[in-house]
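Here the structure comes first, spelled out in structure tokens, and everything after it is commentary.
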Amino acid sequence: MKTQDLIDRNYDQIINKTVNERWYPLKGQNMSQLRQIGAYPEEVNGEECFILQLESTENGMKINLVLNRESDESGSVIDSIKSGRILNFIGEVIGGKFGNDLLFKGKGDEILKSIGRYRAFNGNQSNSSFIMGNSVIGKFFRTFSDIHNPDFIIPLNLWKYTSFRNTPEPLGIVTLRENQCLIAFTRFVENQGDYWSYLNERVNSPGDRDLMRKTAEELSGLTAKLHFSLYSLNGEEFSPELFSPSDVFSLRNSYSQYLEKVCKVCEKEGNRAEFFNKVYEKKDMLDRIGDNFMNLERGNFMKQRIHGDYHLGQILKTENGPQIIDFEGEPLRTVEEKSSKQSPLKDLAGLIRSFDYLCQRRLNGDVHESSNLAEIIISTYEQTMTLLEPEFKDKSGEFRDALTAFIIEKALYETMYEYGNRPDWIQIPLQFINTFTTKIE
């Protein structure tokens with residue numbers, strides 16, 4: 001039958017389910033703010049899958065759905081990742097059924113061998129992942145991503161042109177109309193979960209600090225090696241570039257906007273808790289910290305490809321060492337932002353903040369241990385980078401000053417996120433800001 005007929009018959013049901021999914025990135029928008037912009041292929045039979053593309057009339061964000069008709073006689077449709085029918089769809093794409101509309105590039109034989117056993121992962125993320133035959137991970141991109149999707153392109157180039165192997169091997173992609181990455185495949189790596197879950201399960205008292213410190217050192221050294229490997233890549237998409245005055249201005253401006261929002265929150269909520277007042281009283285000092293971004297230009301630091309959304313949840317614990325996943329950047333960033341060259345210090349700040357959250361949750365907000373872990377991460381990163389690039393040691397002062405600005409900016413961003421989504425957690429970034437700035441006063 002015509003795909004459009006099936007969509008028209010179920011459109012309200014599809015849209016209603018979509019806006020209520022936990023992965024849906026446009027919380028607060030209603031059904032009327034989504035419109036259809038495409039459907040592929042034009043015809044489907046039985047329970048065959050089809051791609052439905054939607055667009056937000058509010059901000060232009062594009063949403064991808066993969067759906068199929070249910071097996072009963074209701075005529076309704078279901079998400080194909082939940083139903084498992086996406087396996088049939090993948091086989092058809094690799095076999096060339098859809099021509100140039102839907103193309104596969106990569107190691108098709110390996111993926112076809114894995115089609116059999118199937119399990120979809122938790123659907124809370126902005127994209128939907130599934131495991132095939134305990135050997136391949138597939139990721140369906142719920143939001144628009146062009147064929148230069150960093151979640152595929154970065155690991156591909158690391159595996160192809162460097163010796164860095166602490167990320168799962170990329171196996172292929174499915175493209176839509178040769179301009180959009182729809183599904184990416186990587187080799188499955190047996191693991192004990194991500195480091196956030198791993199440490200949360202094992203850190204229960206101050207006696208577990210050694211595990212946290214050892215992990216912080218290991219992951220910081222790995223982060224330096226990742227950044228050095230990315231720095232070594234060539235080509236327009238990857239070649240490092242010096243920070244320009246406009247780059248620094250943009251970073252400073254973004255920092256100022258976050259600071260202004262946080263100060264308004266602290267002023268408004270000052271009667272609720274003292275930590276709001278303490279941060280508000282430091283607004284002038286916090287503003288001056290934003291000037292530290294100028295050290296990027298002063299120290300001749302380079303902007304390059306980075307992870308972009310780096311934290312403990314993006315690193316898997318395996319028998320063969322940590323494996324870094326999800327290079328696509330922050331979910332709500334634009335396609336251009338996700339593929340842009342940035343400072344590696346952004347990733348390092350994300351790792352430091354992730355360990356602070358862990359201290360707050362598992363060590364009753366032990367600010368002293370949080371500071372210790374931050375220093376372990378920073379010093380290990382410096383030492384590793386100096387071994388890889390001896391000239392790095394001459395930039396230590398500028399490096400630490402600039403990193404301070406990235407760390408505070410990350411905490412300011414977290415404050416606004418917690419204020420809007422998890423207000424009971426807002427003390428975590430605010431208490432960090434107060435403690436961190438007290439130490440450097």
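The values are calculated or read from the model by the stated rules, or taken from the named source; none is laboratory data. Since the structure is predicted, the reported quantities are computational estimates derived from the model, not experimental observations. A quick note on method: Cβ atoms are made from the backbone with ideal geometry, for glycine too, and the neighbour counts reach across all protein chains shown. The area values use the complete protein model at the heavy-atom level, side chains included, leaving out ligands, DNA and RNA. Shrake-Rupley method; radii C 1.70, N 1.55, O 1.52, S 1.80 Å.
Need one number: nm distance between label points at SER239 and ASN179, each 7 Å from Cα along Cα→Cβ, rounded to one decimal.
Distance between the two pseudo-spin positions: 2.7 nm.
Using θ = phi - 60° and the Karplus form 6.51 cos²θ - 1.76 cosθ + 1.60, what ³J(HN,Hα) does each residue of segment 408-425 get, whole Hz, x for Gly and Pro?
For segment 408-425, the Karplus curve yields 5, 4, 4, 5, 5, 4, 4, 4, 5, 5, 5, 4, x, 10, 9, x, 5, 9 Hz.
With labels modelled as points extended 7 Å from the Cα through the Cβ direction, what inter-label distance (nm, one decimal) is found for ASN421 paired with ARG209?
Each label point lies 7 Å from its Cα, and together they span 3.1 nm.
Taking amide H atoms as placed 1.01 Å from N in the peptide plane, list the residues 5 or more away in sequence, or in a different chain, whose amide H sits under 5 Å from that of GLY38.
So GLY38 has HN proximity to GLN53.
So if I place +1 on the C-beta of Lys and Arg and -1 on the C-beta of Asp and Glu, and nothing else carries charge, what would the dipole magnitude of the chain be about its Cα centre? I want it in debye, nearest 20.
Working: 53 positive and 65 negative charges, 80 e Å.
For the chain, the charge dipole is close to 380 debye.
Taking Cα extents along the principal axes in Å as the quantity of interest, determine which of (1) 54, 54, 44; (2) 158, 46, 33; (3) 69, 51, 47 was computed from the displayed structure.
Read-out from the structure maps to (3).
As I understand it, the dipole of segment 315-441 uses +1 on the Cβ of Lys and Arg and -1 on the Cβ of Asp and Glu, about the Cα centre. Which of LEU363, THR404, PHE327 lies farthest toward its positive end?
Value: LEU363.
Take the alpha-carbon centre of segment 251-301, take the same for segment 60-96, and report the distance between them in whole Å.
46
Taking R0 as 45 Å, what's the FRET efficiency between LYS82 and GLN257 from their Cβ-Cβ distance, rounded to 0.05?
Working: r = 39 Å, r/R0 = 0.86.
The calculated FRET efficiency here is 0.70.
Where does helix 245-269 land angle-wise versus the long Cα axis of the chain, in degrees 0 to 90, nearest 10?
80
Extension gain GLU330-THR386, at 0.36 nm per residue separation less the Cα-Cα distance, in nm?
17.3 nm
Suppose a student asked you for the relative contact order of segment 325-441, using Cα pairs under 8 Å spaced at least 6 residues apart; what percent would you report?
26
Could you grab the relative contact order for segment 82-142? Cα pairs under 8 Å, six or more apart, rounded to a whole percent. Intermediate results must be reported in sequence, preceding the final value.
On the way: 70 pairs, mean separation 14.2, N = 61.
Averaging sequence separation for qualifying contacts and normalising by length gives 23 percent for segment 82-142.
Nearest 10 degrees is fine. How inclined is helix 345-362 to the longest principal axis of the chain, computing both from alpha carbons?
Rounded to the nearest ten degrees, it is 90.
How much accessible area does LYS82 have with a 1.4 Å probe, in Å² rounded to the nearest 10?
Surface open to solvent at LYS82 totals about 130 Å².
Could you work out the relative contact order of the chain? I mean the mean sequence separation of Cα pairs under 8 Å and 6+ apart, divided by the number of residues, in percent. Don't skip to the answer; put the middle values down first.
On the way: 693 pairs, mean separation 56.4, N = 441.
13 percent.
Just to make sure I understand: if all protein chains stay in place, what is the order of TRP425, TRP23 by accessible area at 1.4 Å, largest first? Walk me through the numbers on the way to the answer.
Values: TRP425 65, TRP23 15 Å².
Per-residue accessible area, sorted high to low, gives TRP425, TRP23.
Treating only the Cβ atoms of Lys and Arg (+1) and Asp and Glu (-1) as charged, compute the dipole magnitude of segment 21-99 about its Cα centre; round to the nearest 20 debye.
Using Cβ point charges on Lys, Arg, Asp and Glu, segment 21-99 gives about 360 debye.
If packing is taken as the average number of other Cβ atoms within 10 Å across a peptide's residues, how do 234-241, 373-380 rank, most packed first?
So the order, starting with the most tightly packed, is 373-380, 234-241.
From largest accessible area down, sort HIS227, HIS148; use a 1.4 Å probe on the protein chains.
Descending order: HIS148, HIS227.
Add -39500 (n - 2.57) for each DSSP H run of 4 or more in the chain, then divide by its residues: what number comes out at 222 nm, to the nearest 500 deg cm²/dmol?
So the helix-based figure for the chain works out to -15000 deg cm²/dmol.
Tell me the Kirkwood radius of segment 314-383: reciprocal of the mean inverse pair distance over distinct alpha-carbon atoms, in Å.
14.1
Measure off, as a whole percent, the carbon and sulfur share of the 1.4 Å-probe accessible area of the chain, all protein chains present.
Within the chain, the accessible surface is 46 percent carbon and sulfur.
Taking the Cα centroid of segment 394-441 and of segment 332-375, what is the distance between the two, rounded to the nearest whole Å?
Distance between centres, Cα-based: 9 Å.
Might you tell me the accessible area per residue for the chain, computed with a 1.4 Å probe and given in Å²?
Working: 20100 Å² over 441 residues.
Solvent-accessible surface per residue comes out at 46 Å².
Please compute, over every Cα-Cα pair in segment 36-124, the percentage with a separation greater than 18 angstrom.
Tail of P(r) above 18 Å: 52 percent of Cα pairs.
Using only Cα atoms, tell me the angle between helix 209-231 and the longest principal axis of the chain; keep it within 0 to 90° and round to the nearest 10.
70
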